[in-house]
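Here the structure comes first, spelled out in structure tokens, and everything after it is commentary.
The values are calculated or read from the model by the stated rules, or taken from the named source; none is laboratory data. Just so it is clear, the model here is predicted, and its values are computed rather than measured. Quick reminder, even Gly has a Cβ in these numbers, built from the backbone with ideal geometry, and neighbours come from all protein chains shown. The protein model used for the area step is the full one, side chains on, heavy atoms only, and it has no ligands, DNA or RNA in it. Shrake-Rupley method; radii C 1.70, N 1.55, O 1.52, S 1.80 Å.
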Amino acid sequence: MLTEVHVPDDVAAAVRLLESGATPLGGGTSLMPLLNDYASPPTELVSLRRAGLAGIHLDGATVRIGAATTLGQVEHDPRLAILDPVVRSIASVPVRNLATVGGNLFAHQPHGDLAVALVALAARVTVVDGGTHELTVEEFVTDPRGLVTEVAFTQPADGSFKYLKAARRRFNSASIVTVAAVIGESAVRVALGGVGNQIIRAHAVEAALAGQPLTDETVPAAAEAGLSELAPVDDAYASAWYRTRVFPVHLRRALLGH
Amino acid sequence: MTVTIVNLKVNGVDQAFMARPGTTLLLALREQLGLTGAKRGCAQGACGSCTVLLDGAPVVSCLVPATTVDGADIATVEGLADGQQLSDVQQAFLDGFATQCGFCTPGMLMSAEALLARNPDPTADEVNEAISGNVCRCTGYAPIVSAILDAAERRRNRVEATH
């Protein structure tokens, strides 16, 4: 049951309310389904809708996205074309118009595909949690807490960002395997969703691909190396066994396109 | 617990109502404003039967605490028809037998309206994506997709005819 819903109009007021024990509300697409159950415990919410945290800013190759920006706003911003396949793989249109970028960092796997992409993009997150901190999204998602105000990343070189999500349906389904990668000339970063309780940074895959061209030989070999880092679980979408079997196929499709 | 006066513009009309913290936008529309077109299906954001337009964008209104959208512009299925004159999308649904039990229809119509406002000439695949959050257990979707494509064509033809 909701006992109070605060709608502060700046971050300082939001922080004060959160410090008093209230729960932050982004788009509500994860939290409100729990609270719509009449048996939910008494809960005080702080909506971030009017806290001045929405907006997309580009400065050269640097992209900064306010935490309360919706996935729908990301989808419809032509400057963020590289994230278009990412956000469109998440949920459905009327959910994306509520769900926020900051909230996605708190989504439990096998949800949170934008966070997977942000790990691959080496994105950083600004968090207010007893002071303002900046840390990598990769670190943050291992134990998400505090008030996220912004994520930032550097746009990768054209064509270097790869993303593919395998799901039971083409639209509006949770991940079976999500692959996000930046294949640079000097560095390779690969992040995986759907194959563990946490987002996985696929170090073994990266090591196998470092300095290598992407070919029908190198990518399957990298997938083979990456199997040891998967920690898939059974859920209503797929079994752990299936996720393991699908991973090499979808890594190949993500990186080679076939 | 604070009860808040919320102001909304709903289908072009200014409305005000009292909302408890737990009053969702859906609950306010249905029980306080008497607009029962949007339906409470799953209350989880999964079925889309509560879809309305919030400042022009389709949202699942069951997940929106009403007090967080004070001042917003809301469009519901009740605002589509002009008196007895159905909107293009409504008429195309009627003509194409795109509704059976009707429970999903208000949400489908609002998702379709939002799509056509953004994209007047969508492909079938774009329609599929636009209604991917709206569950229908009767029709098998094909008549709905056809009706939305038909509505788009009617609307384009009318726009051309007026030029």
With a 1.4 Å probe and ligands and nucleic acids left out, the total accessible area lost when B pairs with A, in Å² to the nearest 100, equals 2400 Å²
Tell me the Kirkwood radius of segment A:80-150: reciprocal of the mean inverse pair distance over distinct alpha-carbon atoms, in Å. 12.6 Å
Quick one: P(r) of segment A:20-173 from all Cα-Cα pairs, 5 Å bins, percents rounded to integers, in order of increasing distance. 2, 9, 19, 23, 21, 14, 8, 3, 1, 0
Scanning chain A for GluC sites (Glu not before Pro) in DSSP loops with at most 12 other Cβ atoms within 10 Å, what's the longest stretch left with none? A:1-184
Binned at 10 Å from zero, the C-alpha pair distances of the protein assembly as shown give percents of 5, 21, 29, 25, 15, 5, 0
Normalised per residue, the volume inside the convex hull of the alpha-carbon atoms of segment B:4-79 in Å³ amounts to 73 Å³
Gap in Å between the Cα centre of segment A:211-233 and the Cα centre of segment B:10-64? 47 Å
Which three extents, in whole angstrom, do the alpha-carbon atoms of segment A:153-258 cover along their principal axes, largest first? 39, 26, 25
DSSP loop trypsin sites (Lys or Arg not before Pro) with at most 15 other Cβ within 10 Å excluded, longest remaining stretch of chain A: A:1-144
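How charged is the neighbourhood of B:Asn119? Take every other residue with its Cβ under 12 Å from the Cβ of B:Asn119, and add Lys/Arg as +1 and Asp/Glu as -1.
-2
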Mind checking the log10 I(q)/I(0) for segment A:1-108 at q = 0.15 Å⁻¹? Debye, one equal scatterer per Cα, no solvent, two decimals. -0.67
For segment B:22-163, accessible area per residue (1.4 Å probe, heavy atoms of protein chains only), Å²: 43 Å²
Give me the dipole magnitude in Debye, nearest 20, for the protein assembly as shown about the Cα centre, with unit charges on the beta carbon: positive for Lys and Arg, negative for Asp and Glu. 640 debye
Mean accessible surface per residue for chain A, computed with a 1.4 Å probe while every protein chain stays in place, in Å²: 44 Å²
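First compute the accessible area of the protein assembly as shown with a 1.4 Å probe, then give the percent of it belonging to carbon and sulfur atoms.
Here it works out to 51 percent.
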Could you give the Stokes-Einstein D for chain B in µm² per second, using the C-alpha Kirkwood radius, 37 °C, 0.692 mPa s? 203 µm²/s
